[in-house]
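The structure appears below as C-alpha cells.
The values are calculated or read from the model by the stated rules, or taken from the named source; none is laboratory data. Predicted model only: the values in this text are computed from it and were never measured. Because the Cβ atoms are built from the backbone with ideal geometry, glycine has one as well, and the counts that use them run over all protein chains shown.
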Amino acid sequence: MSKLSSHVFIENDLKFIDGFLPQYLVENCDLALGIFGNTDKAYNVIPNKLIESLPLGIPTLTMNSSVLREFFEPEIDFWTCEPSPKAISEAIIALISNTPTPVDWQQTRQKVLSIFSVTHYKKIVAEVLDRSY
C-alpha cells in the first residue's frame, strides 16, 4: 500500500484573488472536503469551502447539518457523511469505488451561483433595509 503523502498534496501559496487557486483546483482536484467538526460553529455555519468548491463544479463531501438544509438538499446537491474519521474514510472509499449517490454538479453549481451571488445578497439587504420596524 502506498503512503498517503504520495496522494495528498498541500498547496498553500495559491490564492482565489489572483485566479490561480480556482484554476489549480479544477485541473487537479477530484474531491473537495467541507468541514467535519463537532462544535456549535461547525453545525451552524455554511462553510466557505462549500461555497467556493461547488461553483467550480468540484465534487464535494462535507458533514450534514441542519443549516445546510436551509439552502441545499444534502445528498442531492453534494455528498455528506458523519463527522468521524471512520465515516469520512468510508465515504471516500465509496466514492473511489464509483458507488456514490449521483449528483448533478451543474445543477448544484447553478444553485450556489444564484443563492450566494452578489446580486442576490444586495437584493436581500435591500429588502431588510426597506422593512419598517
If the Cβ limit is 6 Å and pairs must be 6+ apart or interchain, which residue in region 6-29 that is closer than 12 Å to SER53 by Cα pairs with which residue that is among the charged types (D, E, K, R)? LEU21/LYS15
Some residue of region 75-92 being within 16 Å of the chain's Cα centre (by Cα) and modelled with pLDDT under 90: yes
How many residues does region 6-32 hold that are of a type in the set (Ser, Thr, Tyr) and over 15 Å from PRO59 (Cα atoms)? 1
Restricting region 97-132 to residues that are under 19 Å from MET63 (Cβ atoms) and of a type in the set (Val, Ile, Thr), which is farthest from the chain's Cα centre (by Cα)? THR101
